[in-house]
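To start, the structure under review is shown below, and the notes come after it.
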Amino acid sequence: MLTRLKAKSEGKLAKQICKVVLDHFEKQYSKELGDAWNTVRKILTSPSCWQYAVLLNRFNYPFELEKDLHLKGYHTLFQGSLPNYPKSMKCYLSRTPGRIPSERHQIGNLKKYYLLNAASLLPVLALELRDGEKVLDLCAAPGGKSIALLQCACPGYLHCNEYDSLRLKWLRQTLESFIPQPLINVIKVSELDGRKMGDAQPEMFDKVLVDAPCSNDRSWLFSSDSQKASCRISQRKNLPLLQIELLRSAIKALRPGGILVYSTCTLSKAENQDVISEILNSHSNIMPMDIKGIARTCSHDFTFSPTGQECGLLVIPDKGKAWGPMYVAKLKKSWSTGKW
């Protein structure tokens, strides 16, 4: 089965690197990552080296595919080494590049698996979702992290929000493709400006995920329009402000004692560590949570770059571990009054 699926995806890796973006990355990331940038650049600019993880859908479990993955040498993510890892989540990785094709959307049929960058599961796992909790996925499209959250536990209420109308359609289709109807009934999908969510639903949620709009280094590097890419470079400096505003809204929506996880798929310090530092400096009711233990237990599968933060991790693409970029930070809202 796996060989047949893999054959269909041949020839889809030809991409054109945007020199404008690469030059911009070269200046920024050679300073921020030092020598590690050489390896990261080589992986990012070589799609044939990219790896894809296979997240199995517990609501339509693919037993035949799982057998094939075992035979092909795939192994499960974390292999039981991560504390509090949900037994209901099964994700398979291969040490070698390549991918099987995504399944088609068919109304009434649940898909059996979801292909993703394995590092994108780290924000989901950092949230440590429990059955019955109220959860907000503030920037939810295309829906991969919402799907992953539902592999971990059954929340009492899941609110998936997406401001972009085109991406919202993608989100709805993803949820319909993976989640059975009874569980769909506890999911609310909205199209609010995420910056206003906190005022609309103050202190409503036990857990909040802010997978923020960001530079998205992988896709940006293969921009087909150099002129648009140059425009995005000039707009890039505005992203941290948006990310901070989204986090402030998320903090308002979070109940005291609740957990907030922030994530991006960029290497940019301005969009990662600097954003979290600003939040910690301006909110006395927000505390950093130490997640260095994840880096220690996950070093077999991921390469991490130092962030200078106990609450923040940065996964960088590496040979044989071509996952990331993915930044993850974990925060907790205390019972004291914060500064806004």
request  = Run the accessible area of segment 176-312 with a 1.4 Å probe and give the carbon-and-sulfur part as a rounded percent.
outcome  = 53
request  = State in Å² the accessible area per residue of the chain; use a 1.4 Å probe, count heavy atoms of protein chains only, and round to the nearest integer.
outcome  = 46
request  = Give a residue-ordered list of calculated ³J(HN,Hα) values for segment 306-320 (Karplus: 6.51 cos²θ - 1.76 cosθ + 1.60, θ = phi - 60°; whole Hz; x for Gly, Pro).
outcome  = x, 10, x, 10, 5, 8, x, 10, 10, 8, 10, x, 9, 5, x
message = Would segment 66-110 count as rounded, prolate or oblate if I go by the C-alpha gyration tensor, calling it rounded below 1.5 in a/c and otherwise prolate when a/b exceeds b/c, oblate otherwise?
response = oblate
remark   = If unit charges are put on Cβ atoms (+1 for Lys and Arg, -1 for Asp and Glu) and the dipole of the chain is taken about its Cα centre, the option from Ser190, Gly293, Ala229 lying farthest towards the positive end turns out to be Ala229
request  = Grab the DSSP H runs of the chain that are 4 residues or longer, score each as -39,500 (n - 2.57), total them, divide by all residues and round the 222 nm result to the nearest 500 deg cm²/dmol.
outcome  = -10000 deg cm²/dmol
key: Relative contact order of segment 104-164, defined on C-alpha pairs under 8 angstrom at six or more residues apart (%)   = 36
task = Determine the dipole magnitude for the chain: charges of +1 sit on the beta-carbon of Lys and Arg, -1 on that of Asp and Glu, nothing else is charged, the reference point is the Cα centre, and the result goes in debye to the nearest 20.
result = 620
remark   = Phi-derived 3J(HN,Hα) across segment 113-123 with the Karplus relation (6.51, -1.76, 1.60, θ = phi - 60°), rounded Hz, x for Gly and Pro, is 7, 10, 8, 7, 6, 3, 5, 6, 7, 4, x
key: Gain in span if fully extended, Thr297 to Phe63, counting 0.36 nm per residue against the direct Cα distance   = 81.5 nm
inquiry  = So, R0 is 25 Å and r is the distance between the beta-carbons of Cys231 and Glu26; what FRET efficiency does that work out to, to 0.05?
reply    = 0.85
ask   = Counting alpha carbon pairs within less than 8 Å and at least 6 residues apart, what relative contact order, in whole percent, applies to the chain?
value = 19
inquiry  = Check which residues have an amide H placed less than 5 Å from Lys90's amide H, if you skip close sequence neighbours.
reply    = Leu56
ask   = Tell me, what ³J(HN,Hα) does each residue in segment 125-140 have, in order and in whole Hz, if you take phi through Karplus 6.51 cos²θ - 1.76 cosθ + 1.60 with θ = phi - 60° and put x for Gly and Pro?
value = 5, 5, 6, 6, 5, 10, 3, x, 6, 8, 10, 10, 9, 6, 10, 7
request  = Beta carbons within 10 angstrom, averaged per residue: use that to sort the peptides 91-100, 322-331, 248-257, highest first.
outcome  = 322-331, 248-257, 91-100
Value of relative contact order over segment 208-327, rounded to a whole percent, pairs C-alpha under 8 Å and six or more apart = 26
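The values are calculated or read from the model by the stated rules, or taken from the named source; none is laboratory data. Here the structure is a predicted model, which means the values were calculated and not measured. With ideal geometry, Cβ positions are generated from the backbone for all residues, glycine too; neighbour counts draw on all protein chains shown. Quick note on the areas: whole protein, heavy atoms, side chains included, nothing else; ligands and nucleic acids left out. Shrake-Rupley method; radii C 1.70, N 1.55, O 1.52, S 1.80 Å.
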